[in-house]
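Nothing in this text is a laboratory measurement; each read-out follows from the coordinates by a stated rule. Predicted model only: the values in this text are computed from it and were never measured. Neighbour counts run over all protein chains shown; Cβ positions are idealised from the backbone, glycine included.
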Amino acid sequence: MPDINRWSKGALLCAALFFAPLAKAHEFWVEPLSYEVGVGEKIEGVLRNGQFFKGSNYPYIERGFTRFEIYNRSGGAPVAGRNGDSPALQVRAEKGGLHIAAYSSTVQTVNYSEFEKFKSFVDSKGLSHIVDQHREEGLSEEKVIETYYRYAKTLIKVGSGAGRDVKVGMPIELVAELNPYTSAGADAVRFRLYWRGKPLANWDVQVFKKVGDAVEGELTHYTTDSTGRVLIPSDGGGDFLVNAVQITKPRASDAAKNAQWESIWASTTYRINTE
């Protein structure tokens, strides 16, 4: 049973907002307070939901996720925390090397009262065929119900930062094939996008970038090749949020929500430091 008495009013408000349906689709990501930490120091990161690499910070809430883990060259382990903890990610870095935090959310639901808002969302993710399918199946345009799941990762340098990203088995997952903290990934980071364990070819990938607190532009679109790979240029360095979305019919467990569609989001954050 969560210890409600421990929670601050701010944490309770965040929790309420976190589980409330969103009016429109937003990105979700894990953002470290520092992308580079020393061995023995604490890795800390916040959960964010927002747009254009800006968003609200949410605390650690057990009922908000099905998995919250940290990986390094020794393997993976659950992120331990207490309800209301902020930042949500707090792990002592006992060993050097690349660390990967991975978060899998529970299901949320959004209702579109205007079909044009749903159309705008799917168009922005390069999935316009969903609108055609919606109409071909004769689904309602007066009210569109969508369930959604978030699968977020972040890459953190501990000590030398040596190592590689790992595939942790999320339904949709971005895996960095070049380490952004080594010379191999200094000019560009190559990702491979997976859907249900298989490479997702010719798929739209959105990239947000910021330097300090300043977001550069709005977003850049890239497309995976025939092997599911995409190369993200470093462009002088900064913080990067790589995002991809799949939309499909709802899983059987969500049938009671009367959803017509389900969106599944993948994100990865990392930093390119050119100093």
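When the GluC sites (Glu not before Pro) in the range 98-188 are filtered for DSSP coil states and for at most 10 other beta-carbon atoms within 10 Å of their beta-carbon, the remaining sites are GLU137, GLU142.
Say R0 is 51 Å: what FRET efficiency, to the nearest 0.05, do LYS257 and SER74 get from their beta-carbon distance? E(calc), rounded to 0.05, equals 0.85.
Net length available on complete extension from ARG164 to LEU139 is 4.6 nm, with 0.36 nm assigned per residue and the Cα-Cα distance removed.
Helix check for the chain. Which DSSP H runs span at least 15 Å along their own axis by Cα, with a mean Kyte-Doolittle hydropathy no less than 1.6?
9-19
Computed over the chain, the per-residue total of -39500 (n - 2.57) for DSSP H runs of n ≥ 4 gives a 222 nm mean residue ellipticity of -3000 deg cm²/dmol, rounded to 500.
For the chain, the equivalent ellipsoid built from the Cα gyration tensor has semi-axes of 30, 24, 16 Å, listed from largest to smallest. Of the residues THR223, THR154, THR182, the one with the fewest other Cβ atoms within 10 Å heads the list, and the complete ranking is THR223, THR182, THR154.
Scanning residues 5 or more positions from ASP85 or on other chains, those with amide H under 5 Å from its amide H are TYR60, with H placed 1.01 Å from N in the peptide plane.
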